Amino acid sequence: MTTLTAIREAPGLEGYLDALEERLARSVASHPGRVAAVGNEALAAGGKRLRPLLVFFSTPPGREPSLAAGVAVELVHMATLVHDDLIDRAHFRRGKAAAWSVYGPDAARSTGDYLFARAFAELSAAGDTSRVRILADATLCLARGEALQRTQTRDPSTTVAAYLERCTLKTGKLFEAACRLAGGPGAFGLALGVAFQITDDILDCSGATIETGKIAGTDLRDGTPTLPLLLAAQRDEVVRAALAGDALALSNGGALVRVAATGALERSREVALDYARQARACLNGELHRDELESLTHAVVNRER
């Protein structure tokens, strides 16, 4: 099994990522103004560029990895972060002030829309309608997932199945699109995306903020029913009340400690590991099989 460092050393990847960053910058700056300036700050915040990595590693033998596809999926991802921070009223992203908190809600909303538009401009310029359709379908799923999250907010009775559906729509579908845009196995990306999201939700409860870019405990304070919170709420009435928005349960503190005491983090990790195994089971003779397998381990073994 290759290491995460070895993934970054794959032949051709460094050049692809360098070109990706240059094209992202050009795309965001293509229409100078407030939204381009705010979008550039979102770009400068960095990120794992995991979705473009999937484009690169999912490209079949004999083909050149699509730069337009990598740029497009990353722009969509950036757009969702800008919009999510606005919807959730999150003040920070990756240690920096969120766009809406600096420039106001209207500027953030417009910037997210602009980034979505630039994503589709990148794909449509290549004249490949099938790829535009793939990304459009994934973007629709993102919107459906966000709407589903609104209906689940502060509802500790949300089922695990409903939570996993939300993960599939909000995260898995864009991972799937990254693989499909490259001509690779979409099922791999879908399972990997769910594993990634569950791990993010575990990190939010365990106090790790570097990887997620959020302040620990955000999901509980916002009433977002994640897998560890739902599993903990089944065993602890204080956690259940806090997730439902009970001010006293939230103000007393210690709710995250109680979540950990129920064993919910470990049980959630087992679910994430199972999705990672499902992702690996989708691989069959891919050019970069070792690197794709390593990604399944990397997403569930991030710093805790």
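The values are calculated or read from the model by the stated rules, or taken from the named source; none is laboratory data. Quantities reported herein were computed from a predicted structural model and do not represent experimental measurements. Because the Cβ atoms are built from the backbone with ideal geometry, glycine has one as well, and the counts that use them run over all protein chains shown. For accessibility, only protein heavy atoms count, side chains too; no ligands or nucleic acids. Shrake-Rupley method; radii C 1.70, N 1.55, O 1.52, S 1.80 Å.
Tabulated data for the structure shown
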item: Solvent-accessible surface ranking, highest first, for Ile215, Ile198 at 1.4 angstrom; result: Ile215, Ile198
item: Probe 1.4 Å, accessible area per residue of the chain, Å²; result: 43 Å²
item: Between the stretch 282-304 and the stretch 1-66, the Cα center-to-center distance that results, in Å; result: 18 Å
item: Highest to lowest packing among 220-228, 255-263, scored as the average C-beta count within 10 Å; result: 220-228, 255-263
item: By accessible area with a 1.4 Å probe, ligands and nucleic acids excluded, highest first: order of Ile87, Ile134, Ile202; result: Ile87, Ile134, Ile202
item: Rule-of-thumb Rg ratio for the stretch 1-155 [Cα; 2.2 N^0.38 Å; N residues]; result: 1.09
item: Protection-proxy order for peptides 51-63, 285-297, 12-24, each taking the mean of Cβ atoms within 10 Å per residue, highest first; result: 51-63, 285-297, 12-24
item: For the chain, size of Cβ-based charge dipole, Lys and Arg +1, Asp and Glu -1, in debye; result: 280 debye
item: Cα-based helix-to-principal-axis angle, 264-281 vs the chain, degrees rounded to 10; result: 20 degrees
item: Computed log₁₀ I(q)/I(0) - Debye formula, equal Cα scatterers, no solvent, the chain, q 0.07, 0.12, 0.15 Å⁻¹; result: -0.26, -0.78, -1.21
item: Gain upon complete extension [Ser251, Asn284; 0.36 nm per residue less C-alpha separation]; result: 6.8 nm
item: Among 96-102, 28-34, 79-85, the order from most to least packed when residues are scored by Cβ within 10 Å on average; result: 79-85, 96-102, 28-34
item: Cut-off 14 Å, label 7 Å out along Cα→Cβ of Arg133, residues of the stretch 153-181 by amide N; result: 181
item: Cα long-axis angle, helix 129-152 against the chain (0 to 90 degrees, to the nearest 10); result: 10 degrees
item: Rounded percent of accessible protein surface that carbon and sulfur make up, the stretch 10-149, 1.4 Å probe; result: 55 percent
